[in-house]
Amino acid sequence: MSSPSKRREMDLMKLMMSDYKVEMVNDGMQEFYVEFNGPKDSPYQGGVWRIRVELPDAYPYKSPSIGFVNKIYHPNVDEMSGSVCLDVINQTWSPMFGKMTASFFSAYSLCASYLVNVFEVFLPQLLLYPNPSDPLNGEAAALMMRDRSAYEQRVKEYCEKYAKPEDVGAKQEEKSSDEELSDDEYGSEDEQVAGKADP
């Protein structure tokens, strides 16, 4: 297998060649943002999120850190920090995912990157099939279990307020000072996450 730095470079190049908008931080290859659209036929459809990705030095042997920069209402995403509770990324990560995908989809070479899989498979699955029994957002999990239609309505409200396509490209630091966001407990933890990642 190639060295971690070569694999990082290859996977990142494949992600950049895909349909996703990728914005690098400080011209490095370890930290970047990706624009991610909510999956069709879900209450997240129409929403666009800015996903912050950090690749550790030992990537692909260690999993990337992935978080939503703009708010999302989901049982498995921490509302304040945007961190994702995603079993495949956090616990069962394997550098072999890219190889398995490459052999399975040999005609589609862009799918050989685990980073592409994160945005084409794992995050859409997370949004389509939330797991309220293992929550990072207890309120969202409880509402989903108690009243699915009210949960989906809340998801749509968050999409309308925080995940409009025209807003996602704006710098998060600028957005956090807007009255619309500051009146809804858009706390300092969010600003820290965004401030740490922006150049």
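Taking the stated definitions as given, is Arg50 surrounded by 20 or more Cβ atoms within 10 Å (Cβ to Cβ) and not in a strand (DSSP E or B)? Let's see the steps before the verdict.
Working: surrounded by 20 or more Cβ atoms within 10 Å (Cβ to Cβ): yes; not in a strand (DSSP E or B): no.
When the stated conditions are applied, Arg50 does not pass them.
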So, of the residues in the range 124-159 that are modelled with pLDDT of 95 or more and acidic (Asp, Glu), which turns out to be surrounded by the most Cβ atoms within 10 Å (Cβ to Cβ)? Glu152
Scanning the range 20-40 for residues that are out of contact with any Asp or Glu (no Cβ under 9 Å at 6 or more places or on another chain) and modelled with pLDDT under 90, which turns out surrounded by the fewest Cβ atoms within 10 Å (Cβ to Cβ)? Asp27
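Does Ser113 fit the bill of being in contact with a Leu (Cβ under 7 Å, 6 or more places away or on another chain) and either at pLDDT below 85 or open to solvent by less than 40 Å² (accessible area, probe 1.4 Å) (or both)? Show your work before the answer.
On the way: in contact with a Leu (Cβ under 7 Å, 6 or more places away or on another chain): yes; either at pLDDT below 85 or open to solvent by less than 40 Å² (accessible area, probe 1.4 Å) (or both): yes.
Here the answer is yes, as Ser113 does meet what is asked.
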Those residues of the range 20-34 which are in contact (Cβ under 8 Å) with a residue 24 or more places away in the chain and more than 15 Å from the chain's Cα centre (by Cα), in sequence order: Val25, Asn26, Met29, Gln30
Taking first residues from the range 59-87 that are among the acidic types (Asp, Glu) and second residues anywhere that are assigned to a loop (DSSP other than H, G, I, E, B), the pairs with Cβ under 7 Å that are 6 or more apart or on different chains are Asp78/Leu136; Asp78/Asn137; Glu79/Lys71; Glu79/Asn137
Please go through the range 63-79 and give me each residue that is aromatic (Phe, Trp, Tyr) and not in a loop (DSSP other than H, G, I, E, B), ordered by number. Phe68
Which of the residues that make up the range 162-179 are part of a helix (DSSP H, G or I) and modelled with pLDDT under 95? Gln172, Glu173, Glu174, Lys175, Ser176, Glu179
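The values are calculated or read from the model by the stated rules, or taken from the named source; none is laboratory data. What you are looking at is a predicted structure, and each value in this text was computed from that prediction instead of being measured. Methodologically, a virtual Cβ is constructed for each residue, glycine included, from the backbone with ideal geometry; neighbour enumeration extends over all protein chains shown. Side chains are part of the model used for accessible areas, which takes the heavy atoms of the whole protein and leaves out ligands, DNA and RNA. Shrake-Rupley method; radii C 1.70, N 1.55, O 1.52, S 1.80 Å.
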